[in-house]
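Trainee: Please find one structure pasted underneath; my questions will follow.
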Amino acid sequence: MIPSSEQTSKYNRLHEIDWQKFPSIVFESDDWGACESAATAKDAETILRLYRHFGNHSDKPIISTLENPAQLEKLYRTLEKFRGVDGIPPVFTAFVILGNPDFEKIRANGFTRYEDIGIDLGVPCGWEHGDIVAKWREGFERGIFHPEFHSTLHHTSPHLWLQRLREKGPKGELARALFDLRCYSQGEHLPEYHGMNLKEQYQWVKTGIDRFEKIFGFVPDAAITSDAFPETEIVWSLCGINVICLKNCRSNTGETVVCATKPWNMQDVYANIGDYDEMKDVVYMTRNAFFESGMAPSWNDSVEEVLTVVKRNIDKFSEPSIISTHRINYVSLDDEMMERRLSELEKLLHRLSEMSVHFLATSEVAQLYRRGWSARKFGDKTILRKWHEDSGNIDVDAPESVFSLDNQRSLASRDLDKLPVGNYLLENRPALLCKTN
């Protein structure tokens with residue numbers, strides 16, 4: 001259901017950025033760490049037969065699986081081949097899942113109590129694909145895999161799932177058969193927060209965010225899921241989230257939409273990228289480009305179409321392009337599709353690099369809207385972007401050196417508040433990220 005203007009909250013705008021002067025690209029990629037569908041190709045074949053038998057799923061092959069370090073390295077190397085106009089490589093804002101079911105414990109308690117395994121401690125038995133958490137951290141240190149919060153159980157309410165596992169009839173039979181294959185996805189969304197009051201939601205989210213902080217050493221800045229209820233935004237804010245993504249999306253055809261199949265959620269067709277909710281103290285983000293044919297083969301998201309959308313976002317809407325591109329595009333049980341999608345990503349990155357764009361993480365765009373400047377830290381580096389004259393106090397530890405990424409020279413002054421509008425590298429060895437010819 002699309003809300004009326006009377007139903008829609010009024011948002012503020014804190015800073016406006018000249019996106020035509022600073023054309024920017026964000027890649028948002030969901031589902032990293034989810035052990036929800038098939039651990040192996042053999043399991044995938046069995047699951048598809050089950051879906052067909054119970055008549056509640058298409059004939060589309062089951063290809064979603066957990067990533068492994070080698071697949072992540074292929075993605076990382078693809079990203080590192082390219083540079084933005086400022087010399088900074090493309091970065092995936094990776095929305096990660098912080099928990100998966102402990103199937104053995106759930107079976108032992110007769111499907112009466114949900115038990116999970118935090119991604120910081122490992123994965124369910126049979127899903128071991130290597131130390132992906134260490135590889136996530138490596139990608140973060142390399143500045144190409146920037147993690148943010150997705151969920152504690154992906155698109156599945158533990159309450160609804162346990163209820164289904166106990167019930168009689170076809171849905172219960174299917175749920176238990178899938179459970180035997182270490183699969184919790186039911187082929188449909190069971191809204192993650194369904195059945196949770198505010199206290200339960202808070203504890204559930206806090207558990208995931210605590211795991212995130214344990215892994216990466218910082219609290220996530222952004223959160224995303226189409227399963228959130230309106231009150232979930234309040235919970236996220238109380239847990240330290242400053243950016244709420246997917247407030248709506250604009251398809252490649254140019255239509256602004258919300259998920260009509262999910263009338264419970266918090267999406268708002270009238271929200272714009274950069275809108276600020278003063279009560280929650282959050283900046284809203286939307287998605288306005290899709291590079292997703294690995295997830296939905298019928299979608300027309302060719303390199304040329306995405307480039308057309310990017311140009312439209314700059315010229316018509318004066319927005320950065322927030323490109324949706326899920327894990328399944330680059331990690332799946334279909335090796336041929338993975339190679340094809342990595343090749344298509346490489347072509348897209350090459351063409352974007354020729355357009356002299358900046359590659360940003362989601363949090364950077366939100367910071368720019370909130371205060372006119374942004375700082376992204378990874379490894380021993382900090383990328384400072386001051387894209388608004390009236391940016392106020394730049395609250396970043398004084399660096400030993402300041403290097404302008406725009407004119408390729410070191411600056412004598414380290415007074416960040418007095419820097420002109422531009423892009424800066426704060427570190428001891430600026431040559432490592434100098435723009436390449």
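The values are calculated or read from the model by the stated rules, or taken from the named source; none is laboratory data. This structure is a prediction, so every number in the text was calculated from the model and none was measured. For neighbour counting, all protein chains shown are included, and Cβ atoms are generated from backbone atoms with ideal geometry for every residue, glycine included. To get the accessible areas, we keep the full protein, side chains included, count just its heavy atoms, and leave off ligands, DNA and RNA. Shrake-Rupley method; radii C 1.70, N 1.55, O 1.52, S 1.80 Å.
Trainee: Output the residues belonging to region 104-150 that are without any contact (Cβ under 8 Å) to a residue 24 or more places away in the chain and assigned to a strand (DSSP E or B).
Mentor: Result: ILE117, single match.
Trainee: Here is a follow-up. Based on this model, can you work out whether ILE328 counts as in contact with a helix residue (DSSP H, G or I) (Cβ under 6 Å, 6 or more places away or on another chain) and within 23 Å of PRO220 (Cα to Cα)? Reasoning before the result, please.
Mentor: On the way: in contact with a helix residue (DSSP H, G or I) (Cβ under 6 Å, 6 or more places away or on another chain): no; within 23 Å of PRO220 (Cα to Cα): yes.
For ILE328, the condition - in contact with a helix residue (DSSP H, G or I) (Cβ under 6 Å, 6 or more places away or on another chain) and within 23 Å of PRO220 (Cα to Cα) - is not met.
Trainee: Do we have LEU98 as in contact with a Lys or Arg (Cβ under 7 Å, 6 or more places away or on another chain), more than 30 Å from SER353 (Cβ to Cβ) and of a type in the set (A, V, I, L, M) here? Before the answer, list the steps.
Mentor: Numbers: in contact with a Lys or Arg (Cβ under 7 Å, 6 or more places away or on another chain): yes; more than 30 Å from SER353 (Cβ to Cβ): yes; of a type in the set (A, V, I, L, M): yes.
Here the answer is yes, as LEU98 does meet what is asked.
Trainee: What's the number of the only condition in (1) at pLDDT below 95; (2) closer than 23 Å to PHE92 by Cβ; (3) surrounded by 15 or more Cβ atoms within 10 Å (Cβ to Cβ) that ASN300 fails to meet?
Mentor: Result: ASN300 passes all but (3).
Trainee: Still on this structure, please answer the following. State the number of residues belonging to region 287-296 that are farther than 13 Å from ASN252 by Cα, in contact (Cβ under 8 Å) with a residue 24 or more places away in the chain and open to solvent by 10 Å² or more (accessible area, probe 1.4 Å). Don't jump to the end; show me each part of the working.
Mentor: Taking region 287-296 and keeping what is farther than 13 Å from ASN252 by Cα, we get 294-296.
Next, only the ones that are in contact (Cβ under 8 Å) with a residue 24 or more places away in the chain stay: 294-295.
Checking the rest, the ones that are also open to solvent by 10 Å² or more (accessible area, probe 1.4 Å) come to 295.
Adding up the residues that qualify gives 1.
Trainee: Scan region 227-252 for residues that are of a type in the set (Asp, Glu), open to solvent by less than 20 Å² (accessible area, probe 1.4 Å) and either touching a helix residue (DSSP H, G or I) at 6+ places or on another chain (Cβ under 8 Å) or in a helix (DSSP H, G or I) (or both) and jot them down.
Mentor: Kept after step one, since they are of a type in the set (Asp, Glu), are these residues of region 227-252: 227, 231, 233.
Subset that is open to solvent by less than 20 Å² (accessible area, probe 1.4 Å): 227, 233.
Result: GLU233, single match.
Trainee: Considering only region 303-323, state which residues are among the polar types (S, T, N, Q) and crowded, with 23+ Cβ neighbours inside 10 Å. Reasoning before the result, please.
Mentor: Initially, region 303-323 is screened for residues among the polar types (S, T, N, Q), giving 308, 313, 318, 321.
Of everything in region 303-323, those that are among the polar types (S, T, N, Q) and crowded, with 23+ Cβ neighbours inside 10 Å turn out to be ASN313, SER321.
Trainee: What are the residues in region 341-367 that are in contact (Cβ under 8 Å) with a residue 24 or more places away in the chain and open to solvent by 30 Å² or more (accessible area, probe 1.4 Å), if any?
Mentor: Selection gives GLU344, GLU346, LYS347, HIS350, ARG351, SER353, MET355, SER356.
Trainee: Kindly indicate whether ALA228 is at pLDDT 95 or above and in contact with a strand residue (DSSP E or B) (Cβ under 9 Å, 6 or more places away or on another chain). Quick ask: steps written out before the conclusion?
Mentor: On the way: at pLDDT 95 or above: no; in contact with a strand residue (DSSP E or B) (Cβ under 9 Å, 6 or more places away or on another chain): yes.
Taking the combined requirement at face value, the residue does not satisfy it.
Trainee: Okay, moving on. Could we say that ASP268 is in a loop (DSSP other than H, G, I, E, B), closer than 14 Å to SER151 by Cα, open to solvent by less than 40 Å² (accessible area, probe 1.4 Å) and not polar (S, T, N, Q) here?
Mentor: On the way: in a loop (DSSP other than H, G, I, E, B): yes; closer than 14 Å to SER151 by Cα: no; open to solvent by less than 40 Å² (accessible area, probe 1.4 Å): yes; not polar (S, T, N, Q): yes.
It is false that ASP268 is in a loop (DSSP other than H, G, I, E, B), closer than 14 Å to SER151 by Cα, open to solvent by less than 40 Å² (accessible area, probe 1.4 Å) and not polar (S, T, N, Q).
Trainee: If only one of GLU278, GLU255 is of a type in the set (D, E, K, R), closer than 30 Å to GLU319 by Cα, open to solvent by 50 Å² or more (accessible area, probe 1.4 Å) and without any contact (Cβ under 8 Å) to a residue 12 or more places away in the chain, which one is it?
Mentor: Details: GLU278 fails: without any contact (Cβ under 8 Å) to a residue 12 or more places away in the chain.
The unique qualifying residue is GLU255.
Trainee: When both residues are 6+ apart or on different chains and their Cβ atoms are under 9 Å apart, which pairs have a first residue that lies in region 188-206 and is of a type in the set (Ser, Thr, Tyr) and in a loop (DSSP other than H, G, I, E, B), and a second that is open to solvent by 70 Å² or more (accessible area, probe 1.4 Å) and modelled with pLDDT of 95 or more?
Mentor: TYR193/GLU200
Trainee: Answer with yes or no whether SER332 is among the hydroxyl-bearing types (Ser, Thr, Tyr) and outside any loop (DSSP other than H, G, I, E, B). Break it down into steps so the answer makes sense when it comes.
Mentor: Numbers: among the hydroxyl-bearing types (Ser, Thr, Tyr): yes; outside any loop (DSSP other than H, G, I, E, B): no.
No: the conditions fail for SER332.
Trainee: Filtering region 207-226 down to residues that are part of a helix (DSSP H, G or I) and in contact (Cβ under 8 Å) with a residue 60 or more places away in the chain, which residue is surrounded by the fewest Cβ atoms within 10 Å (Cβ to Cβ)? Full working, then the answer.
Mentor: Start the filter on region 207-226 by keeping residues that are part of a helix (DSSP H, G or I), which leaves 207-216.
Then keep just the ones that are in contact (Cβ under 8 Å) with a residue 60 or more places away in the chain; that gives 207-209, 211-212, 214-216.
On the way: THR207: 16, GLY208: 24, ILE209: 20, ARG211: 20, PHE212: 23, LYS214: 14, ILE215: 20, PHE216: 18.
Among those that are part of a helix (DSSP H, G or I) and in contact (Cβ under 8 Å) with a residue 60 or more places away in the chain, it is LYS214.
Trainee: Can you find a residue in region 12-20 that is open to solvent by 10 Å² or more (accessible area, probe 1.4 Å), free of Cβ contacts under 8 Å to residues at least 40 places away in the same chain and basic (Lys, Arg)?
Mentor: Checked region 12-20: no residue is open to solvent by 10 Å² or more (accessible area, probe 1.4 Å), free of Cβ contacts under 8 Å to residues at least 40 places away in the same chain and basic (Lys, Arg).
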